[in-house]
Amino acid sequence: MEYDLIALGETMTALSPPAGHTVRTAPALQIDHAGAESNTCVGLGRLGLRVAWISRLGADAAGDRILDALHAEGIDTRWVERDPRRATGLMIKEPGTGVQYFRSESAASVMGPEILDAAPLASARAALVTGVTALIGPQPHAAGLALLERARGLRIVDPNLRSGLWGSPRRAALVRAFVERCDLLLAGDEELAELVDARGAEDPVALARAAAALGPKEIVVRGARSVGVLAAGAWQAIHIDRGAAVDPIGAGDAFNAGYVAVRLRGGSIVDALDAGIRCGAAVTSSASDTGGFPRTV
């Protein structure tokens, strides 16, 4: 089978209170799964693309649940390893506060380049990894680099800069190594400014051109009021009208899925931007990172 996209990254159990509650007041917490790369895979799968996700999970009920959920979305997980000693990671989403992670020493924190050995990366049309994988441990960082070096199709990176992880104190340098090896970069404006050492810069075109100097051929810059793309030296942008959001977490991954789906099918940048914006908005209508993702764009 030829895959449209193969992704590498950690997926965790996600707990969140129901609408109108906090973790402290909720009578029970909702259980779901979340991970930047697998979120994007779910979106691409719903849009009809053939995708595979590579990772490590604990040999525990949480890992079973994640595999069941991804199988139900049509995602190929045959290269996911199970760890009998390390647990599946956990995250708790607190409305208005953010996310608390429990992923230190998780099963995915020790996945190295060898996890890719049997995967058909050379024949996949695209490969995806995010900066989270660069930051959860030295072995995942090496695995992410290997994914980008072995891929022969479109190499996609979302920086996803995060605090509180193994590599966070050096996050710009660690993730920049991914950016230097990618073709398509999908980034928020603030994290892009950090990556190109231009904190506080507000001009998305200048940020995109600075990122292009690192190697990517197509740079998407997501901002608060617009999203634009630099490709072949030309800049195109679309204004965003953001509506009320039940939960904004996962919107960037959903945008990525919509954008990548259109581009892999030969669609224009403008059509890809429109699809990404609509997919991102749809996901914010639900507390789940993927529950609101549409099946058409």
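A short reminder: the numbers here are calculations on the coordinates, not readings from a lab. Predicted, not measured: the structure shown is a model, and the values here were computed from it. Every residue, glycine as well, gets a Cβ built from its backbone with ideal geometry; the counts of neighbours run over all protein chains shown.
Give me the net charge of Ser55's neighbourhood, meaning all other residues with Cβ under 13 Å from the Cβ of Ser55; Lys, Arg count +1, Asp, Glu -1.
Around Ser55, the charge tally is 0.
Name the residues of region 37-64 whose amide N is less than 11 Å from a point 7 angstrom out from the Cα of Asp271 along the C-beta direction?
none
Which is the longest part of the chain that has none of the GluC sites (Glu not before Pro) sitting in a DSSP loop with at most 16 other Cβ atoms within 10 Å?
On the way: sites that count: Glu2, Glu105, Glu180, Glu202.
In short, 3-104.
Suppose R0 equals 41 Å; then what is the FRET efficiency for Ser163 and Met1 from their Cβ-Cβ distance, rounded to the nearest 0.05? List each step's numbers first, then the result.
Values: r = 38 Å, r/R0 = 0.93.
With a Förster radius of 41 Å, E is 0.60.
Which whole number in µm²/s is D for region 61-193 by Stokes-Einstein, with the Kirkwood Rh taken over Cα pairs at 25 °C and 0.890 mPa s?
Working: Rh = 15.9 Å.
Answer from the Stokes-Einstein relation: 155 µm²/s.
If region 5-283 were replaced by its equivalent ellipsoid, with semi-axes equal to the square roots of 5 times the Cα gyration tensor eigenvalues, what would those be, largest first, whole Å?
In descending order the semi-axes read 27, 22, 19 Å.
Pop the C-beta distance of Ala177 and Arg199 into the FRET formula with R0 = 22 Å and round what comes out to the nearest 0.05.
The value I calculate is 0.70.
Rounded to the nearest 500, what is the 222 nm mean residue ellipticity of the chain from helices alone, with -39500 (n - 2.57) per DSSP H run of 4+ residues and division by all residues?
Values: 9 runs with 95 residues, N = 297.
Rounded to the nearest 500, the figure is -9500 deg cm²/dmol.
Can you figure out the FRET efficiency of Ala69 with Val23, using R₀ = 30 Å and their beta-carbon distance, to the nearest 0.05?
0.85
What is the sum of charges, Lys and Arg at +1 and Asp and Glu at -1, for the other residues whose Cβ falls under 10 Å from the Cβ of Asp158?
Combined, the nearby Lys, Arg, Asp and Glu give -2.
What translational diffusion coefficient, in µm²/s and rounded to a whole number, does the Stokes-Einstein relation yield for region 13-68 at 37 °C and a viscosity of 0.692 mPa s, taking the hydrodynamic radius as the Kirkwood radius over Cα pairs?
On the way: Rh = 13.1 Å.
Translational D for this selection: 250 µm²/s.
Please report the relative contact order for region 5-283, taking Cα pairs under 8 Å with a sequence separation of at least 6, and give it as a percent rounded to a whole number. Working shown, then result.
Details: 606 pairs, mean separation 38.5, N = 279.
Answer for region 5-283 is 14 percent.
Can you give me the C-alpha center-to-center distance between region 133-154 and region 172-227, rounded to a whole angstrom?
18 Å
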